[in-house]
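Here is the structure we will look at, set down as structure tokens.
Derivation of every value follows stated rules applied to the coordinates shown; laboratory data play no part. Just so we're clear, the structure is a prediction, and the values are computed from it rather than from any experiment. Cβ: placed from backbone, ideal geometry, glycine included. Neighbour counts: every protein chain shown.
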Amino acid sequence: MSVTAIEGVVAAGRVPTWIIPAASITTEPVVGVGTYDILLTALTGGTTVKVDCHMDIGDISVTRTPTTKSRQRMCQVIAETVTTGETIDITLSAVYDQQESMTDEVNDVYAALPEGAVVYIAQAFGWDSSVTPTTSTVVDLYRATVQARTKNQPTSFDEDLKFTANLSGSRFWADVAVVAA
């Protein structure tokens, strides 16, 4: 048993997040077959949007809620709760400017999340956001459909104009390796 405090990693600048169009991941990670991996080009490709510089801490939330049922076989004295599925909800807020073109950098995230689009959200916890991802990068990966995209009403005079996208996830993979093509 260790009594030495372990240093943590400060979150600031160390949670790079990408929105990857569904077409950029042609083969999803396969559950139960070794480690999960995606190609490096999924993170560095021209249609992928790196979004963490468009958001503040707290502007993304992910909840995974298991769907369960109770099961008790004749041989079991105590019933057990088993997971039969899960619900994944992702909420993401980012800056936007309605007066600028959708191709302008301020609107990159807004343009990447049209309602009805299927996208992948990748996050590399602990990776320096200023460093281009490499084959040493490890990400968590969500597959999700954009359900709604709403422009936020400002609540103070000095805040940035933002929008919020609500996504419904259909898959999650933890600790996905990034591999060369």
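Quick notes on this one:
- Antiparallel %, DSSP beta bridges [both residues in the chain], to 5: 95 percent
- Distance distribution P(r), region 1-154, all Cα-Cα pairs, bin width 5 angstrom from 0: 2, 7, 14, 17, 17, 14, 10, 7, 5, 4, 2, 1, 0, 0 percent.
- Square roots of five times the Cα gyration tensor eigenvalues for region 100-180, Å: 27, 17, 12
- Three-way shape label, region 1-79, alpha-carbon gyration tensor, a/c 1.5: oblate
- Rounded to the nearest 20 debye, the dipole size of the chain about its Cα centre is 960 debye, using +1 on the Cβ of Lys and Arg and -1 on the Cβ of Asp and Glu.
- Residue order, fewest to most beta carbons within 10 Å, for SER129, SER61: SER61, SER129
- Here's the picture: charge each Lys and Arg Cβ at +1 and each Asp and Glu Cβ at -1 in region 17-179, and of SER129, THR65, ALA177 the one pushed furthest to the positive end of that dipole is THR65.
- Alpha-carbon centroids, region 38-58 and region 73-107: separation in whole Å: 17 Å
- Over the chain, dividing the summed -39,500 (n - 2.57) contributions of all DSSP H runs of at least 4 residues by the number of residues returns a 222 nm mean residue ellipticity of -1000 deg cm²/dmol.
- Length-normalised contact order of region 17-179 in % [C-alpha pairs under 8 Å, at least 6 apart]: 27 percent
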